[in-house]
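For reference, the structure discussed in these notes is given below.
The values are calculated or read from the model by the stated rules, or taken from the named source; none is laboratory data. As the structure is a prediction and not an experimental result, all values here were calculated from the model. Cβ placement follows ideal geometry from the backbone for every residue including glycine, while neighbour counts extend to all protein chains displayed.
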């Protein structure tokens with residue numbers, strides 16, 4: 001039997017409120033309030049009341065909650081980042097609403113729009129690196145994407161190569177090819193240089209289209225290595241089995257492929273794929289917020 005029922009029964013049986021309080025180890029004021037509630041509500045006094053306040057003037061207005069959920073849905077459908085930081089940016093810049101990231105995250109969690117994930121390594125455990133100036137370091141990598149026949153059947157597998165500025169995350173060049181070869185790597189590098197100037201260094205993985213230093217044999221240089229040596233540009237390569245060294249360009253590729261996959265009309269040709277890539281690069285470089293750059297809401301170079 002609950003303490004409330006015992007106290008009420010004791011007082012109704014003739015005990016004073018002070019005696020009931022001493023017997024059951026509660027305050028006399030609590031007993032007094034309990035008996036007043038029993039007289040007003042009857043047996044409802046046996047159950048504890050909710051401690052939720054009658055009013056919540058600091059609560060997020062329903063219209064803002066609806067706007068947050070709408071942004072989450074729209075950004076997700078477009079294949080763009082829809083996290084709390086991005087939603088806060090859109091609320092501030094497009095709707096004139098100031099709200100904390102924690103509040104947005106609580107709303108998304110409460111409404112069941114966030115899928116719980118296994119606990120990740122804390123950010124403090126990573127050794128972070130970013131170039132201090134634009135054109136100090138360029139990252140490059142290539143990824144795969146599968147074309148789709150007009151009838152919906154899977155098409156050819158093609159590759160997309162990207163050159164990205166390490167400092168600003170600005171996409172310098174992104175093009176689709178049947179296969180990325182050493183001559184294509186050199187051509188795309190030269191095209192990026194013609195448009196953005198020459199970098200002081202480049203950072204890539206150890207693929208043979210970038211370097212042949214780990215290929216064995218008697219040595220030598222491929223197309224890119226020869227050009228970098230001629231231009232006195234430092235070439236840096238991540239260690240084997242350490243893809244996170246090129247984390248910025250790989251993260252861009254993940255974001256790009258997520259956006260490409262979300263498009264309602266999938267490309268059937270490399271030309272169609274390139275049109276979509278150009279659209280995304282324009283969005284990525286000039287309109288979307290960059291979560292990795294806390295002091296810059298948009299990137300303009």
Restricted to segment 252-271 and to residues being assigned to a helix (DSSP H, G or I) and without any contact (Cβ under 8 Å) to a residue 40 or more places away in the chain, the residue nearest to residue 164 (Cα to Cα) is 254
Picked from segment 86-107 (must be in a helix (DSSP H, G or I) and in contact with a helix residue (DSSP H, G or I) (Cβ under 6 Å, 6 or more places away or on another chain)), the residue farthest from residue 284 (Cα to Cα) is 107
Here the residues within segment 178-192 that are crowded, with 16+ Cβ neighbours inside 10 Å and under 30 Å from the mean Cα position of the chain (by Cα) are 180, 185, 188, 189, 192
Every listed condition ((1) surrounded by fewer than 20 Cβ atoms within 10 Å (Cβ to Cβ); (2) out of contact with any strand residue (DSSP E or B) (no Cβ under 9 Å at 6 or more places or on another chain); (3) outside any helix (DSSP H, G or I); (4) at pLDDT 90 or above) holds for residue 114 save (4)
Here the residues within segment 33-64 that are at pLDDT 85 or above, surrounded by 13 or more Cβ atoms within 10 Å (Cβ to Cβ) and in a helix (DSSP H, G or I) are 34, 35, 37, 38, 64
